[in-house]
Amino acid sequence: MELKSFYEDAVFLENGYEDVIAKCEKFYELTYERDKKFIENLSQKMEAEDEDTAVLITGGYHTPNLKYLL
């Protein structure tokens, strides 16, 4: 999700918020890459075992992005 367009509407109470924002952006970039790798590994496993159907059980934080990637 692209949030940079909303930054000017946000009110930050401390100096140095840019560092916090940068760390948050990096975190979410990494989680997105992790989820892509998760799906890639699942696909490779299914292909190696000649499967065309699988059940993926996730919970909480992972579910929305994994559903998006599938």
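Over the chain, what portion of Cα pair distances is larger than 17 Å, expressed as a whole percent?
57 percent
Pull out the extension gain between residue 14 and residue 49, defined as 0.36 nm times the separation in residues minus the alpha carbon to alpha carbon distance; nm, one decimal.
Extending this stretch completely gives an extra 7.3 nm.
Quick check on the chain: helices-only [θ] at 222 nm, where DSSP H runs of length 4 and up contribute -39,500 (n - 2.57) each and the sum goes over total residues. Nearest 500, please.
-19000 deg cm²/dmol
With the other protein chains left in place, how much accessible area per residue, in square angstrom, belongs to the chain at a 1.4 angstrom probe?
Per residue, the chain has 91 Å² of solvent-accessible surface.
How many percent of the accessible area of the chain is carbon or sulfur, using a 1.4 Å probe?
On the way: 3640 of 6400 Å².
On the chain, the fraction of accessible area on carbon and sulfur atoms equals 57 percent.
Given Cβ point charges of +1 (Lys, Arg) and -1 (Asp, Glu) and nothing else, what value in debye, to the nearest 20, does the dipole of the chain about its Cα centre take?
Using Cβ point charges on Lys, Arg, Asp and Glu, the chain gives about 140 debye.
Using θ = phi - 60° and the Karplus form 6.51 cos²θ - 1.76 cosθ + 1.60, what ³J(HN,Hα) does each residue of the range 18-32 get, whole Hz, x for Gly and Pro?
Per residue, the Karplus-derived 3J(HN,Hα) values read 4, 5, 5, 4, 4, 5, 5, 4, 5, 4, 6, 4, 5, 5, 5 Hz.
The values are calculated or read from the model by the stated rules, or taken from the named source; none is laboratory data. All values derive from a computational prediction rather than experimental measurement. So basically every Cβ, Gly included, is an ideal-geometry build from the backbone, and we count neighbours across all protein chains shown. These accessible areas exclude ligands, DNA and RNA; they are computed on the full protein's heavy atoms, side chains included. Shrake-Rupley method; radii C 1.70, N 1.55, O 1.52, S 1.80 Å.
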